Structure formats: structure tokens, C-alpha cells
Amino acid sequence: MSKIVSHENCQHASTKAARAQCRRHRAKFADVFSAVLGETAGTAIEVPAPVFESVTVTAENWREFREQKVVLFTRIDEDEEAPIAEGVFITGWGKQWVNYASPIGKVKRTAVTCLGARTVEDHS
Ligand SMILES: [Zn+2]
């Protein structure tokens, strides 16, 4: 970068002293600016991760979520669930069975009795 400071766009008087003062101001500003940049250069900018909201999948809405990974679980009681399969895709939801496929396409089925399902975050 050129060291020659142009005063073409300056508002100050066209004197040697005014030009010198102008150069000092510019140098000071450049130092402050690079100090600020130096401080932030080593700091990772934290981008908040998008918040994943799990959706309950049912016999009625499962078709909307057939492209999304779900967790299938057995409802033991109101607060307790026993996972059956996680990160799978529902391929069919019948009266008795729910068919699901693993990410590699292995198809399995589980009884609908006490079955619960909800979408899970896809980390792949
Ligand atoms: Zn100037």
C-alpha cells in the first residue's frame, strides 16, 4: 500500500501543518482499527445453532414425516418410554404394525400397541 497520503478529499486547510495533523489522525485511526481487528481475529464467532423442535408422529400424520428421522418407543406409562429404534424412517403405519427402515434401508416392523413416535434431529 502507498504511503503517500492524498488530501484530495480533505476539508482542512491546504497547509503543511494541517496536512501533518491529518496524517497523524489517519495513523491513529488505522492503529485503533487494526487493534480491534486483531482482538476479534482469534475469537470464533459464535453462531447459535438452530433450535430443533421434535414433532409427535402419529398414524394420522406420519406421511408428512416419512422423510424425517424418528425415534420409535413404547409408552410404558405417562412419563416413561422404552426406545425401540432411533434415527429410522417410518415407511408404513397400519392398524397393527408400523414398518420402519433404518438409514441403510433395512426394513423392520413393530406393533402399534402403546407405540409412540417423534421426529429426531438429523445429525448426518
Ligand atoms: Zn488531509
Q. Take the residues of segment 66-76 that are in a strand (DSSP E or B) and either more than 13 Å from VAL112 (Cβ to Cβ) or modelled with pLDDT under 95 (or both): which is nearest to the chain's Cα centre (by Cα)?
A. VAL70
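Determine, yes or no, whether ARG23 is surrounded by 10 or more Cβ atoms within 10 Å (Cβ to Cβ), over 30 Å from HIS7 (Cβ atoms) and among the charged types (D, E, K, R). Let's see the steps before the verdict.
Values: surrounded by 10 or more Cβ atoms within 10 Å (Cβ to Cβ): yes; over 30 Å from HIS7 (Cβ atoms): no; among the charged types (D, E, K, R): yes.
So ARG23 fails the test.
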(Q) Looking at segment 80-103 only, could you name the residues that are over 16 Å from GLU67 (Cβ atoms) and surrounded by fewer than 16 Cβ atoms within 10 Å (Cβ to Cβ)? (A) GLU80, ALA82, PRO83, GLU86, GLY94, LYS95, GLN96, TRP97
Q: Starting from residues that are at pLDDT below 75 and of a type in the set (Asp, Glu), keep the ones in segment 1-57 and report whichever is farthest from LYS69 (Cα to Cα).
A: GLU39
Q | Residue satisfying condition, being part of a helix (DSSP H, G or I), among the basic types (Lys, Arg) and more than 16 Å from the ligand (Cβ to nearest atom), within set ARG63, ARG23 | A | ARG63
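Modelled with pLDDT of 85 or more and more than 16 Å from the ligand (Cβ to nearest atom): does that describe PRO83?
yes
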(Q) Pairs needed: first member in segment 56-69, under 15 Å from GLU86 (Cα atoms) and hydroxyl-bearing (Ser, Thr, Tyr); second member anywhere, part of a loop (DSSP other than H, G, I, E, B) and at pLDDT 95 or above; C-beta distance under 6 Å; at least 6 residues apart or different chains. (A) none
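The values are calculated or read from the model by the stated rules, or taken from the named source; none is laboratory data. Since the model is a prediction, treat every value here as computed from it, not as a measurement. Neighbour counts are summed over all protein chains in view; Cβ atoms, including those assigned to glycine, are modelled from backbone coordinates with ideal geometry.
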